[in-house]
């Protein structure tokens, strides 16, 4: 059955091309459906003043995580962050999650309890209720599904589609840390497999390893927007990498982006580690995924409101050159940013 | 990490024991959370008169389906039915679904299009919008996640917990067909692997094979309840088998159930096939899963409203003997029904 007829390799379309292709025959018909596939999360009518926001994703062993260095408690926490981050990117307040788990019989009850302990810590930290999820057996590794639910004032939902030429491009926190943390963890895994007696010393890499293993959901970002009375014109969370996220904002908004290399927020530990791996730190900042920061655009008139916030960086601006994503280097030359994407899928 | 400390096998708790154990430390705290884990679906506040209903589950190759005999188009359709059925069991009107897909590289674009074609047929048939879902790569087989969203009048939500002693136990449609269809398909798969030149003749088994491959979501059941002005005191969908579902209703409602063997609705094809497989048809009807019928209880005062509906069977009643689930045989003797469960997980 899988062999019959013509055969087109999925990689010919890429992940996002595949989704776009598959959902093009699914127009929204029900009145309660507000935003369908293509944004960070789906949006439904809730009451006269608010929308519901719903996100869902799979989280698969060997693709999204490696149990050789992702402790289960951290993994549970990160799973929740990954779901919640999509709600935040819509300017939504997350309130519930559901978790589905497929387990092979190599997992003990104690292992699953560890995973749930991490989920529980995240629920307490972010004031979330766990409202559902099933468990089932799995033929292969650990299969996880995370759903997050939240709400937003109808007037305040931030889509991917609202950026206008001239809008300022901003990002919370710093970039590339989670990716460099992963490089360290994968290096230590290789070293350990060759020299099992060697103990890894991760302390010099505490920040970036923490960014990989226990990222934070930026609940404070949407609170800051509210406090400063800023409504971003578009927003997306950085799960696949800024370069990839910029393509989404550009496509949905019909704009381009110029990003200033000197403005990219990079932690010194990320920078030093990138250099020691012979990687260009700017490339790492643009293409490293899983930072779970919020990338957003604001009208120029909101500049003063945002400018002095220590945790937000203004890294560029939207342009009229639809689809053109450029990096303006320190030397002043500009060249196209190719989205290398994240080796893991969104 | 997975090896350290004590190790308790998960099978010691069983699937439902595991869920109960894991979620016991997660009390609901947010005002918008109405029903958490433990029912067919989660329930959230929507507006002053209605609740939102949300279900999510994993659907895994080798556990929930076998691609040797589940055509991808049928699988897409069945995936949607599986999600929607949980909404119906809460007396909810499903309006949206989201689908997550993890794919190994053995799947072609054409294969995924087939899957989506089935999803699309289900969306059209049941008037659903596809509002989200991601795709990602998978190291092993086909990994699917299905979420369904709906709404219900606050006064009309049907939980698992409302059955009272004396209530009549009812079920839509007939039972055990999907299970016997699976037996036929597995037998033909074995025959084919030994004699690849033999063509299976499935025609004598068209009804039960159809029940397995292309089950129907019982949208009409909740419409009938509304038309007949019947509000069930409890409800659950038959995904794991009536015996297993009765344990849930009994546990949540604090009642027992007597089921009358002679009242079990069994299609002649299910009956004949069970006999030819040397299986007791009543055991098949009680333990076969994936029928996606709705099992529900009504007050005795609603008997007249339901009695003449050709597609509903009254198969027993709730008793005061909490937790006791008994089959009353044609000969009049009663014995405990053990929930053998469904070989596949919920």
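Values in this text are rule-based calculations from the coordinates and carry no lab data. Computed from a predicted model, the values in this text were never measured in an experiment. Reconstructed Cβ throughout: ideal geometry from the backbone, glycine too, with neighbour counts over all protein chains shown.
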Choice from A:232, A:281, A:200 with maximal GNM fluctuation in chain A (Cα, 10 Å cutoff): A:200
Beta bridges by DSSP in region B:10-156, antiparallel share as percent, to the nearest 5: 75 percent
Relative contact order for region B:66-190, counting Cα pairs under 8 Å that sit 6 or more residues apart, in percent: 35 percent
Shortest-first nm distances, residue A:330 label point to equivalent points in other copies (7 Å, Cα→Cβ): 8.9
Average Cα contact separation per residue, region A:192-346, under 8 Å, 6 or more apart, as relative contact order %: 35 percent
Region B:21-79 and region A:83-106: distance between their alpha carbon centers, rounded to Å: 13 Å
Cα gyration tensor, region B:1-139 - rounded (a/c under 1.5), prolate or oblate: oblate
Label zone at residue A:190, where the point sits 7 Å out along the Cα-to-Cβ direction: region A:262-280 residues whose backbone N lies under 17 Å: A:273-280
Relative contact order, percent, chain A [alpha-carbon distance under 8 Å, six or more residues apart]: 20 percent
Tensor-based shape of region A:49-91 (alpha-carbon gyration tensor, a/c under 1.5 rounded, otherwise prolate or oblate): prolate
Copies compared at residue A:24 - label distances in nm, ascending, label defined 7 Å from Cα in the Cβ direction: 5.3
Percent antiparallel among DSSP beta bridges (both partners in chain A, rounded to 5): 80 percent
Sum of -39500 (n - 2.57) over DSSP H runs of 4+, divided by residues of chain A (222 nm, nearest 500): -10000 deg cm²/dmol
Calculated FRET efficiency for the pair residue B:153/residue B:300, C-beta based, R₀ 25 Å, to 0.05: 0.60
Inter-part distance where region B:245-294 and region A:290-331 are each reduced to a Cα centre, Å: 61 Å
17 Å cut-off, amide nitrogen to a point 7 angstrom out along residue B:310 Cα→Cβ, residues in region B:247-278: B:265-268
For residue B:71, label point 7 Å along C-beta direction: distances to other copies, nm: 5.1
